1. Go through the stretch 66-173 and name the chymotrypsin sites (Phe, Trp or Tyr not before Pro) that are in a DSSP coil and have 11 or fewer other Cβ atoms within 10 Å of their Cβ.
2. Test of understanding: ordering V94, V52 by Cβ neighbours within 10 Å, fewest first, what list do you get?
3. Rounded to whole Hz and in sequence order, give me ³J(HN,Hα) for the stretch 102-112 from the Karplus expression 6.51 cos²θ - 1.76 cosθ + 1.60, θ = phi - 60°, writing x for Gly and Pro.
4. How large is ³J(HN,Hα), in whole Hz, for each residue of the stretch 154-167 in order, when computed from phi with the Karplus curve 6.51 cos²θ - 1.76 cosθ + 1.60 and θ = phi - 60°, using x for Gly and Pro?
5. Could you give the length gained on full extension between L89 and K66, defined as 0.36 nm per residue of separation minus the Cα-Cα distance, in nm?
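Laboratory data are not the source of any read-out in this text; all were calculated from the coordinates shown. Worth saying up front: this structure is predicted, and the values here are computed from it rather than measured. Ideal geometry is used to build each Cβ from the backbone, glycine not excepted, and the neighbour counts take in all protein chains shown.
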Amino acid sequence: MRKRKNTPEETENLPDQDLPEMEECCNGEESAREEETVPEPDHKDESLPARVERFTQRDNLDSKKKINLKDILGGEILTRNTFRKQFGLIAVCVFYIILYITNRYQAQQELIEIEELKVELKRQKYYSLTRSGEYTIKSRQSQIEKRLKETPDSMLLPPKEPPFIIRITTEEE
């Protein structure tokens, strides 16, 4: 008889004839097949040490096998239990990564457009200031008189008398 490890304070006696079966169980692909055929034992013992032991036991010893480049390139990593269990999380992460990338791309495009519009606005302001200055210069009385003198068919002459104000009296005053 041998004592089982990992059982706190209680030891379970196992017959010695079970040892070769345990060694076979831990070697290669047979472990996965045997685990599928072995039914789950009834867990009637609800003491804390028994629950801790059940919690810490591994279902599949093959899952501890190291991952190498051949497994990744060959696609065998996709058939492992850990990958299958985490597939939903991986899919959600990929979705959020794609969403993040597209959102960032769109934000960068909008920033580029904003910068282009700022440059165009500045150009239009300068154009407006230039035209406004030209209009102010051309609309001065001296410039208008000068242009009238330059045109021979113009019959307009500057007034000889200064303008005067007409005052209207209202009944309220």
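1. On the way: sites: F83, F87, F95, Y96, Y100, Y105, Y126, Y127, Y135, F164; in loops: F164.
Passing both the DSSP loop test and the Cβ count: F164.
2. On the way: V94 10, V52 13.
The order, fewest Cβ neighbours first, is V94, V52.
3. 5, 5, 5, 4, 5, 5, 5, 5, 5, 5, 4
4. 7, 9, 7, 10, x, x, 8, 9, x, x, 10, 9, 9, 9
5. Numbers: separation 23, 0.36 × 23 = 8.28 nm, distance 2.17 nm.
Full-extension gain reported as 6.1 nm.
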